[in-house]
Structures are given as C-alpha cells and as structure tokens.
Amino acid sequence: ATYLDTQVERAPPVGPNEEDAGAKCNRLRPSLLPGLRGRSCGTPHCRSTAPPSVFQPSRLTATGPDVSALLLGHTSDTVLSLRSVSPSNTTGLIGSPSCGNGVTQWVLTTVQAGKNAVWVQLRLRKNLRLCGKNETDADCCPKPLCVLETLQVSACVGGTPRASLLIQAEIHARLVPANAGAGNKTIIPNQVYQPLGSCPCDLTFRACDIRCCCDKDCSVEEVKLFVSHCLPGPFGGQVPAAPGYQCSEQSSANSPDWFPFLCVNSPPENSPYLGLFYQGDTITSKPGPSFQSPVLSAPLPVRAYIQGSPILLLTDQYFTIPQRGLEQCVNNAPVPFLENFNVNCVTILRSCPAGLPLQTQPTNLSITLKDGQGGDVVVDVIDEVAIDMSLFISNTVATLDEGLVCENVTLALDYTFYWKGNGLTNVTLTRTVGTITFNTSVALTTRYSAVFLNGDLMSEPNSGNPGYQVGRPVIAGTLDTLGNKSGSVQRTSLNVWKPVSDGLCSTAESKPVLFGENSTSGCLLPVSRQDLTRCDLLRDAVTSLQAALITATYVAKSGNPDPLIMTDWANISFVTLNSSTTMDDTTSSCSGVPSHQHIHVLSLITGMVEGRAQRDIHSLLVSYTLSHWALDCGGGDSSPCMDPLETKLFPITSSVTFTDIPISTGPPKTRFQVNFTEYDCNRNDVCWPELAFPMTKYYTGEPYSQSLAKGLILIFFFITASILGTPWRQIRQAWA
Amino acid sequence: MAFYDVYSHPALIRYKTSVCTKATLFLLVVLCLTYISPLLVAYRSHGFWIKRSTYEEQPDVRFQYQTLLVAATSPRGDYVAWSTFPRLNDMLGANLRIPSVSVREDDHNRDGKSDLLIFRLQLPIKPEEQVYSVQLLLTFSYKLFRMSTVVMQSLAYVQHSSPVPGAKLSVSGDLRLMQRTPLPHRGLHDVYNVSVIDGSSPFASAYNLDGIIRRYQERNLTTVLSCPMPVWTVGRAAGSPFQLDAEIRLLHLLPPFPPGFWEPLKPPGIQNFGFFFPFFGLPQGYRGFFSQTQFFPTVPVRAGKAHRS
C-alpha cells in the first residue's frame, strides 16, 4: 500500500481535465467494449448518427471521477440523457442510443462553451476510498477495481437521438484517506493496479509539454500541433492496453487460429507487469567502483632506506625535486632512494619568476634530510653562475631593447647523494644561477638531476660481464706507450657523428657506438669552389674529421677487458674501399674523398652463463667509402660556380653494422631436409609430427601430463574393446 | 527346358591357417589398409585436428573511476592536468585544474552487464588559454566467464591534438580485446588483475604516460579503445569550458583459445568414419579373392564339419 503525504510536484494522474485530449480514442480498451471493437472515431459511423451535432470525442475512457467531452453543432434544443449500458450477450454489440434516462452513479452537467459547442461533464457521485474490513457503509469501494461500467450519453432532439457518447469507466479505489486529497497534495493511485507514471513525459507542472500527447495540461488545439509526432512508447503514455494473451485481445488480423484455445481469461486487476502477488521486494545491491574521496596519505616513517623508498625530511615529509610526471615537469615530486634521474623542464616565462623552483635561496636548499640510519644529513649547496645561457634559453627573439632582466634565476639543481648501506652519508647540491633577459616571453629550460654514488666517484663502468650487453658502449682502447702504465691499454670509445642544431660538422658532436645497435648519422661540410681546387687539402681535412671519431687501435673482445692482458683486445683493421668509377680531379671536383666511414662489428656467442648467451666482439673493421665531390651548377643555381668563396654543403656520414657470426649446431641440413618439408611443422600446415596432435608438444591447451593421462585412458579403452572383439578371438582360435 | 532355382542356401567356408604363414601376413596388411589408410587420407586433407576455437561473450566491463587527463593549453608547452590520484594532483601544483566529470554506464538489455559508458568532462579554461591537445586515460575492470574466468584491469586511452585550438572533442568507439596469445580453455586467468596505474606510489615516475602505456602493452591481454573517427570542434565560446564527450561501447567479442583434450578428438573421429567405408570394401574384396583362389595356401573348411570332427 502506498500513502504519500508529501507534496509531489507533478500533474495529478486523476484530474478534472482527465479526457481533454482528443487523441484518447486510441487508448480505448476494447476489452470492456466488445461491441465497439473494430470501430474508431474516424469511421463514418460516428458522424453519421447525427449530422448536425456530434460529440468530440465520441468515445472516452474514464479512469478518474471526472470526465468531459464537447458536444458540437446545433445544440440549442438538445436534451442529454445518460444511462448505463452493457453489451448484448449474443451479439456483443451495444444497443443503439435511446433517449431514456437510466439510474447511474454519475452526475451530468453541461456548460455552454461557445455558440455551437457545449461542454458535457460527468462526475462520479461515489467516494473512491477502499472499504475497510467489516464496513457496511455504501459510500466506499468494496473491491480495488471500484467502478467498471459503460455509459452512454445521448443527445436527443425531440425524443430522437442525434449523437451519442460512449464512456468506459474503469476506476480504481484510492488508497489514501479522503481528507488527504485536500490542498495541493497529489493523489497517488494504488500502484499495484495502475502504473504510477501514467504519463512519464509530463514533466512540467501545469504547463503543456511539447510532443507529450498524454499531458492533460495540453489543450486540444495544442495537441493538434504535434499530434503526429507524439513521443512513442511508454514514455509518451502509450502503454499497451492489455497483454496479448488475454482472450479479450483477440483480433482477426494478428492472432493465430489456435488463439481461442490457448488464450487466458484473467481479471483486469491482474497487472501483467506487477502481478497480484507483487510485494515490492528488493535485493541488496552490490556497490560498484565509484569516484573516491581524495585522501592524501602522509608518508610512512622509514627506519632504513631501501631501493625505491622516498627520501624524507626531518619533519617526516617528502624531500622533493622537480621531476617528470604525466610527461610534464611536476615540482614537488618525492625522490626515490637509489634511482638516478636527469630531467629538463621547459617553462614559458612572461615575467620574472618569484617562487620555487626558479627562485631559490641557499637557506631553503640547505635543508636537513633523514639519513636513514637514525641520524640526519645536511645538503651542502655549491653555487655556480652560468656563463653560456644558450643551454638554458631557446627560441628567444633577440631584440635591442631588452625589456626584463631577471637576476639569480635558478637554472639547474644537480644533487649528488653519497650512500652507504641503508643510508645517506653526504648530499651535495650544485645550484646554477644566471641572469636572463628577455622582451615579452622566453622559453626557459631548467635542469634537475640526482645521482646516487656509492663511494667517492663513479668509476668507469664495464659494458658487460663477461660478454657485451646490448645497448652498452663498445670499449675501444689505445696502447699506452708513455708514462708508468706502459704496455697497458688506455680505454677510449668508438664514436659516430651526433649532429646538433644546424647539422654542420664544425658544431657536430660525437656519440659512442652502442653494442648491438645498428646506426647511421652524419654532418654537413661547407665546401667552396676554392676548396675544390685544392683536392689534397680537402681530402686531408675530411680524413682527419673522420679519423677523429676513431682514435683507438684496439677493441675489447669482452665487456670487462683487462687493460694489461693483450688477448682481451682485438686489432681494429682499417680498409679504404676504392670507388667503382675513378675520376680525375678537375677544377671544380675532387674524387676519392673519404666521405663515408663504416664500422662493421662481427660478434659471436662464445658461451653461456646460466642460460644467457654471452656475446663477444670477434673483429672490427673500419672502412671508408670514397666519393666524388663536384659542384653542380645546373638548374639555375650557378652561384657556387661563379663565386669561388660561395659554399655548398657536402655530407660526411658514418654508420655502424653489427653482424652475428652464427654458431653451427649439429650437422648441416641434407638436401632432403631442405626440399622435403613434410616434417617441418613451421613450414607446413599438415606435417607428420603433428599426426597425433593432442599428444604432442605442439598442443598447448592442457599441461602435457594431463593430455598424456587422458590419452592413456583412451588407449586403454581401445585395447579393451579390441581384446573383447573379433581379432583377439581369432588369435585365440589360432593358438588353440 | 528352362531351369529355375527350387531352393538355394549359402555355404560357409572357413579358410584356416596357422600363425606363421604368408596368409597371416597378408591378413595383417589388409587390416592395416582397412584402418590406417582412411586415417592418412583424412589427415592429409587438412582440418584434421582443431587447433583454435572461438566463442562469443559479452564481457563484464566496469569503469574503475580512475582517470588521468592532460591538456596542452598553448603551442609552447603550457598544460593543465587532472587525475583521480591525490598524490599526483598534489605534485601538479599550479597546473592542476579540476574539471567537472559525469559518468554513466548504460545497460540497455538489463542483463547486468554495461553496454555503453558515457563519459563527459568539462575542463575550465582561462580566457588567455586555448586547448591544443588532450590526453585522457580511463581504467576498467574486465571479466570474462564462459570458458576460462578472465579477470583483468585494463585501460582506454584517448589522444587528440590539433594545430587549431578546440572547443570540444567527441569520441565514440568500441573497447576491444586484444590478444597476443590464446586464453586458456578453463580455469582462472587473473595474471593481469593488477592496477594499470600504481595510484599508491608517491613518485612522479609512476604516472608517466609512456611508462604506463609501455608496461600495459607488454601484456598479452589488453583492451584498446578503437575510435577511428574522433571529432574535434573548433571555436570555443568565451567563458565556456573545454568539453570532452566519450561514448565507449562494450561489445560482444570472440576471444580465441586452444581447445581442451577431448574437443580436438571429435572431428577426426567423424572424418575417419567418413573415409572408412570407401576403404572398407576394397581390402575385404582382396581378402575374398586371394582366399578363394588359394593364392596364399589355406585350409578351406566347410562350416559345421569342423565343429563336429
């Protein structure tokens, strides 16, 4: 039972203008009007009964105590009569309208609405509250379905009916006390028998909702505006009248011929959606994930630092350095123990910075950290002043009138943490400050780094133990003939070009060759016509440029070479490749310029350490490709040929290739194995090793032990069947 | 004179031999031909064993309400960001901008599994800022039940950038399952039921998008947001926020898996049976022909006599 005493802001489902909308015809429930089945308002029957006057609409369904309709046409001498009708038992039709009045529980009133229109209203004279137990008062509803009848209103002129209005009344009892309906409160009908939201699209109180054809606030004229665009489905108030299995729902068009044998006779109170026995039970719902409240947990106090634990201040707060998070620089990021980092942060400055981290004071930086062993350690701050501002400022527009001058901007913070065991022993910070000048805005690059050192300084790392690791630099060396370490090999590195900014060789840097990574790079050399007239000088210049990349004569065979043992080192061999076409030097061209340097490293697997292959360098070959440099003056660009000092850019390149020397394992493949691929399951979908597929290693669906067990069970059944079968009997006979 | 059969009856003749004879060898060859040759023919004609199966299932996908958002607000590198991780928001400092987010999970057919996730985000933008690119990361919990029970945490990543500052990005796509290896055909598979983003980590490196994506892509089982047509709307009205609308459909899918032990055995049995009948008659005919002609010496015995003697 539902009783709502709070005010509900919505249109009452049962109101005085219950049947305003002319579009109600299609909601007529034919189950209670079998005689009218198949007819509709649009048929000529409705109008032809009394051409001068007509009811609009001519059929109504009443679910509340108030019904109204319009009588249009010649109304001056019309007398209205009301009677209760019922369909004929034999034909199912309702008798023709008559002018006799019957005894009903309805009051008929008329209001002149216009010259040719009369507003016909019917009001139920009955209290709709449900009778209590043992109540004998007549003015209440004994059943939940309180009123179920068909009314006929006839408009008679001189004793002959001219128009008739059929009203099907199906009114449920109210579950609220009679006095609760007073005031502004909305009356909620019993939900078990009547859906609570009879018109879900009626969203605005006392206003017509557009396209909501069941909205009782809409006048007939308003409904006409959008009657062909009514909101569909239950949301538009178009609930299906009765379930399709009801016998009363049989229509000749849609139902199958066996329908009369299998249809259901059920009282209309029995809602197919809620049912008579619906008690409104619910089950508890499981809470799913949702937005969490942002709880910022305080850092846990640590006793001893381990790898990855945050370094804390004395106040048990995080020690922070700007770092990268979300691919951007974030300022107060905690520092993990034993994790080095080096980040560049780009900040767009439009005014001089005031706060951290661009303006720092040595007193703020010289803070005390927990050393992880119960004590504390103070950060030593060393100040440096940046001279070359090009490292920190990019894409600034050089203007003569420098607008802003910002002094003592912190450009870099480089922390060095010295650690031992579970704690820090010393922390030094190199702070680089500088003065930046700019006009409107500048992109300032600041650098932050942290390095954890065990001991005093980082010794030169090896590139593997014992074999080379992929990605580590290739170790080269020169024989030290001077000094006290005579006979030992001094470590250097093999380099390739690393072009920067404009890509010219004069500014290009070099980067070490990394083991296992093929690479190529180069730089550009400006050459004028004057240079091309002196080819020997040009060749020497290019050769020295290329030779500067490789100063070493030895390369380490393994990743941890001993500088004193010469067998750990292999000679680097240099080869100059002759270009295929030999051309002579002319006035504007030079041949035989070693413009390309190629480093070819041959590596091989020398052994396995715990299953990991160890790769050593077998030999290293540096070759130079000679090329022909000539000025190309065609195509209108003749300036390099005219002006002897005008330069043209020629490329100088270097490249590295690593080649594995494969180790031969087992005998070589025979011609049969190469040509006949029936046994190679990688090259053939149908191959003989997979004949018993579920029992082989190619099957991955189950562990091998399980598939073996199931296979053995299968074989057992097979053998049992064959023993009990014919062949075994024959063998027994043969031995007998 | 015409002759006709008054009566006829079959006479059973048994051809007997001992074990170590040529006839026994011949019988073995015939038996092998009868049973092995249909196997070989069926095997050589492809499709003998089932090696992969698929099945259809709608996954149970739930939005985990974890979000990372980065928006570039100038072509020079200014940005604003927001996440549901308080530790990261704390680190972002002045670049933190809290959007208004509304999330709805729709279940059209009321089967308890979400069919559609509607994610709407409105990011407030200063008058001097413009949005040039958006990166959005959402996390999901993903469950499959029909064959093996798969439980994992997955993510969807939306990225769009444009040289023209935008007002709105509309994304409508499918959350698809990506498999590098087949799923097991039974049991519980919860290797990847770990957080994609370590929200408990205080360090900035835990929230780097490239690290999150790289770790995620190393997995054999992932989901991707397949959205081939994002719509970038330009022309932001003054004072209005940047809007991001995402509709993510959580559709049916067909994850492959290797079948169990008994499943591959079924079709070979039918195939063998199909080829058995053509191969059954021929060796039996050979058996009859060679026995009757006494090609291999045997002892023919009339039925009945052997028992009586």
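No lab work stands behind these numbers, since they all come straight from the coordinates. Please read all numbers here as calculations on a predicted model, not as lab measurements. Reconstructed Cβ throughout: ideal geometry from the backbone, glycine too, with neighbour counts over all protein chains shown.
Is there a simple number for the mean count of other chain Cβ atoms within 10 Å of the Cβ of residues in B:40-53, and what is it?
Across the residues of B:40-53, the mean count of other-chain Cβ atoms within 10 Å is 3.
Name the aspartates and glutamates eligible as straight-distance cross-link partners of residue B:16: C-alpha to C-alpha under 13 Å, and not fewer than 8 places from it in the same chain.
Straight-line reach from residue B:16, under 13 Å: no aspartates and glutamates qualify.
Would you mind checking the pairs A:710/B:51; A:126/A:224; A:710/B:143; A:697/B:266; A:710/B:266; A:286/B:168 and listing those with alpha carbons more than 24 angstrom apart?
The pairs that break the limit, which is 24 Å between Cα atoms, are A:126/A:224; A:710/B:143; A:286/B:168.
What's the angle, to the nearest 10 degrees (0 to 90), between helix B:266-292's Cα axis and the longest principal axis of chain B?
For helix B:266-292, the angle is close to 20 degrees.
So how do A:415-426, B:7-18, B:130-141 stack up, highest first, on mean other-Cβ count within 10 Å?
Descending packing order for the listed peptides: B:130-141, A:415-426, B:7-18.
List the aspartates and glutamates whose alpha-carbon lies under 12 Å from that of residue A:370, not counting same-chain residues fewer than 8 positions away?
Leaving aside aspartates and glutamates fewer than 8 places away in the same chain, those within reach of residue A:370 are A:316.
Going by a ≥ b ≥ c, the root eigenvalues of the Cα gyration tensor, does the protein assembly as shown fall in the rounded group (a/c under 1.5), the prolate group (a/b larger than b/c) or the oblate group? Spell out each step's value before the answer.
Numbers: a/c = 2.64, a/b = 1.34, b/c = 1.96.
Oblate shape, in that a/c is at least 1.5 and b/c is the bigger or equal ratio.
Where a Cα-Cα gap under 19 Å defines reach, which aspartates and glutamates qualify for residue A:133, not counting those fewer than 8 residues away within the same chain?
none
Towards the positive end of the charge dipole of the protein assembly as shown, with charges on Cβ (+1 Lys, Arg; -1 Asp, Glu), say which of B:144, A:169, A:287 has the farthest Cα.
Result: A:169, furthest along the dipole toward the positive end.
Give the peptides A:491-502, B:290-301 in descending order of average Cβ contacts within 10 Å, highest first.
A:491-502, B:290-301
Run the dipole for chain B about the Cα centre, Lys and Arg Cβ at +1, Asp and Glu Cβ at -1, nothing else charged, and hand back the magnitude in debye, nearest 20.
It comes to approximately 1900 debye.
Using the Cα centre of the stretch A:478-666 as origin and beta-carbon charges of +1 (Lys, Arg) and -1 (Asp, Glu), tell me which of A:572, A:487, A:644 is placed farthest towards the positive end of the dipole.
Most positive-ward Cα: A:487.
What average number of partner chain Cβ atoms lie no more than 10 Å from the Cβ of the residues making up A:330-337?
Counting Cβ atoms of other protein chains within 10 Å of each residue's Cβ and averaging gives 6.
How large is the charge dipole for the protein assembly as shown, taken about the Cα centre, if only the Cβ atoms of Lys, Arg (+1) and Asp, Glu (-1) carry charge, to the nearest 20 debye? Each step should come with its number before you reach the end.
Values: 81 positive and 81 negative charges, 1149 e Å.
Its charge dipole is roughly 5520 debye.
Rounded, prolate or oblate: pick one for the stretch A:478-666, where a ≥ b ≥ c are the square roots of the eigenvalues of its C-alpha gyration tensor, a/c under 1.5 means rounded, and failing that, prolate if a/b is larger than b/c, else oblate.
Taking the square roots of the gyration eigenvalues as a ≥ b ≥ c, the stretch A:478-666 is prolate.
Would you compute, from DSSP H runs of 4+ residues alone, the mean residue ellipticity of the protein assembly as shown at 222 nm, taking -39500 (n - 2.57) per run and dividing by the full residue count, rounded to the nearest 500?
Taken over the protein assembly as shown, the calculation gives -4000 deg cm²/dmol.
From the square roots a ≥ b ≥ c of the eigenvalues of the alpha-carbon gyration tensor of the stretch B:134-234, which class results: rounded (a/c under 1.5), prolate (a/b over b/c), or oblate?
Cα axes put the stretch B:134-234 in the oblate bin.
Peptides B:232-244, A:203-215: what's the order by average Cβ count within 10 Å, highest mean first?
Values: B:232-244: 14.2, A:203-215: 17.1.
Final packing ranking: A:203-215, B:232-244.
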